[in-house]
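> Take this structure, written in structure tokens, and hold onto it; I'll ask about it next.
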Amino acid sequence: QVQLVESGGGLVQPGGSLRLSCAASGNLFRLYGMGWYRQAPGKQREWVAVITSEGTTNYKASVKGRFTISRDNAKNTLYLQMNDLKPEDTAVYYCNRQPTPYSDWGQGTQVTVSS
């Protein structure tokens, strides 16, 4: 079973930036698409960004132009650079395989955007 460990969250003011990281165990990371998801209080978890094994990216409309997903296959690590953060970006952020997530999710990393 692959283990996913997210990090890099925190408290940031509107307009600020954060870079999230996701470390994946195992040696199959490079073969799969990966994605970032988020879950805000009282809401369902939603997909935010995806990157295929070849590096093609796609984004939820509300984050396009502000967030950038990337991956380092040599380090088994997924990244999410988040710029111009807004209060509505506040959520716990998770990474997982795309399009079919692993059954076991990581603990996530909290992102809070507030003045």
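> Amide H neighbours of Gln98 under 5 Å, at least 5 residues apart or on other chains, H built in the peptide plane: list them.
For Gln98, whose amide H was placed from the backbone, the distant partners under 5 Å are Gly33, Met34, Gly35.
> Still on this structure, please answer the following. Under a Cβ-only charge scheme (Lys and Arg +1, Asp and Glu -1), can you give me the dipole magnitude of the chain about the Cα centre, in debye to the nearest 20?
It works out to roughly 100 debye.
> Each residue of the stretch 10-20 in turn: what ³J(HN,Hα) in whole Hz from Karplus with 6.51, -1.76, 1.60 and θ = phi - 60°, glycine and Pro shown as x?
x, 9, 9, 6, x, x, x, 10, 9, 10, 8
> Most fluctuating residue of Ala91, Ala61, Ala40 in a GNM of the chain with Cα springs under 10 Å: which is it?
Ala61
> Among the aspartates and glutamates, select those whose C-alpha is under 15 Å from the C-alpha of Lys75, and discard any that sit fewer than 8 residues away in the same chain.
Within the straight-line limit of under 15 Å, Lys75 reaches these aspartates and glutamates: Glu6.
> Residue-wise, which Karplus ³J(HN,Hα) couplings in Hz belong to the stretch 28-40, taking 6.51 cos²θ - 1.76 cosθ + 1.60, θ = phi - 60°, and x for glycine or proline?
10, 3, 5, 8, 10, x, 9, x, 9, 10, 8, 9, 8
> Over the Cα atoms, compute the radius of gyration (one decimal) and Dmax (the largest Cα-Cα distance, rounded to a whole number) for the stretch 8-73, in Å.
Expressed in Å, the Cα Rg and Dmax of the stretch 8-73 come to 13.1, 37.
> Rank Val113, Val48, Val2 by how far each Cα sits towards the positive end of the charge dipole of the chain (+1 on Lys, Arg Cβ; -1 on Asp, Glu Cβ) and give me just the farthest.
After comparing all options, I get Val48.
> When the chain is treated as a GNM, springs tying every alpha-carbon pair under 10 Å, which of Gln44, Gln81, Gln13 comes out with the largest mean-square fluctuation?
Highest fluctuation among the options: Gln44.
> Based on DSSP, what percent of beta bridges with both residues in the chain are antiparallel, to the nearest 5?
Values: 34 of 37 bridges.
Rounded to the nearest five, the antiparallel share is 90 percent.
> Which of the peptides 67-76, 27-36 is most tightly packed, and how do the rest follow, judged by the mean count of other Cβ atoms within 10 Å per residue?
27-36, 67-76
Taken together, the values in this text are just the output of simple stated rules run on the coordinates, not laboratory data. Quick caveat: nothing in here was measured; it's all calculated off a predicted structure. Positions of Cβ are backbone-derived with ideal geometry, glycine not excepted, and every protein chain shown enters the neighbour counts.
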